[in-house]
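Undergrad: Below is a structure I'd like to ask you about.
The values are calculated or read from the model by the stated rules, or taken from the named source; none is laboratory data. Small disclaimer: the values here were computed from a predicted structure and weren't measured. Methodologically, a virtual Cβ is constructed for each residue, glycine included, from the backbone with ideal geometry; neighbour enumeration extends over all protein chains shown. Accessible surface areas use protein heavy atoms only, side chains included; no ligands, DNA or RNA. Shrake-Rupley method; radii C 1.70, N 1.55, O 1.52, S 1.80 Å.
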Amino acid sequence: MSIATRNGTGSVDAPINPPKVVRQRRVRPGLLGLAVLLIALGGLGAAFAVTSVRATGSYLAVARPVEVGREISAADLITVQVAGGQGLRPVPAGRLDEVVGKRAAVALVPGTLLTLGQVTDDPLLGPGQQQIALGLKTAQVPARELHPGDKVLLVSTPDDNADGGAAAAGTRFSATVIDTVSPANDSKVLYLALLTRDVPAVVALAAQERLAVVLTEAA
């Protein structure tokens, strides 16, 4: 580039500005590491979401009430889709044939997932036994929650209206717990397997509220 002078001495070259250098921003190593970490965490989150979806499976649920000791049929069960059911350990739908024909070890409630602990191959009533239901107060049963298969002893308590001789040491009856129900009030219902010959006496004592339950062997 040239410019003209006033005195006519001719043109001279004008000074040229040096090119402007744009400084590149320096990437701080800490920020770069943070970006890599966030990308990695995002990938792990996506993988977890995919795994959770894949964990959804088909399991067996109870379709209608099944009483304790009754044989389970295919009509008693339905197939449901459950996500994350592994922690509950429900019975997979593919094992339906393994469950049908077994007996309910506890009362099966509609809308609940079925587990293998709720069914059994063992007969709940042995030879010469009958099933009875006893409604007892909480103070008449052990503090520990009773479970199917527990062995208990039914002990008759003294009759306050009888003479001294009749109020002596109580009679004992051996029984096996089939199921238990805890109503909202202060009471419990025990379903027991009892020798047939003991049923009349136990029923009479229960009507008089003269029975105490002692746990002798846990299942």
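Undergrad: Only one of (1) more than 30 Å from ALA206 (Cα to Cα); (2) buried (at least 16 other Cβ atoms within 10 Å of the Cβ) is not met by ALA83, so which one is it?
TA: It is condition (2) that ALA83 fails.
Undergrad: Consider only pairs whose beta carbons are under 6 Å apart and that are at least six residues apart or on different chains; among these, list those whose first residue lies in the range 129-143 and is without any contact (Cβ under 8 Å) to a residue 60 or more places away in the chain and whose second residue is part of a loop (DSSP other than H, G, I, E, B).
TA: Within 6 Å, the pairs are THR138/ASP186.
Undergrad: Only one of (1) at pLDDT 80 or above; (2) open to solvent by 60 Å² or more (accessible area, probe 1.4 Å) is not met by ILE132, so which one is it?
TA: (2)
Undergrad: Need the failing condition index for ASP122 against (1) in contact with a Phe, Trp or Tyr (Cβ under 6 Å, 6 or more places away or on another chain); (2) modelled with pLDDT under 80, just the number.
TA: (1)
Undergrad: Within the range 67-80, restricting attention to residues that are surrounded by 15 or more Cβ atoms within 10 Å (Cβ to Cβ), modelled with pLDDT of 80 or more and outside any helix (DSSP H, G or I), which residue is nearest to the chain's Cα centre (by Cα)?
TA: Within the range 67-80, the match that is nearest to the chain's Cα centre (by Cα) is VAL80.
Undergrad: Working carefully through the options ALA143, ALA139, ALA212, find the one that is in contact with a helix residue (DSSP H, G or I) (Cβ under 7 Å, 6 or more places away or on another chain) and either of a type in the set (A, V, I, L, M) or open to solvent by less than 70 Å² (accessible area, probe 1.4 Å) (or both).
TA: Answer to the check: ALA212.
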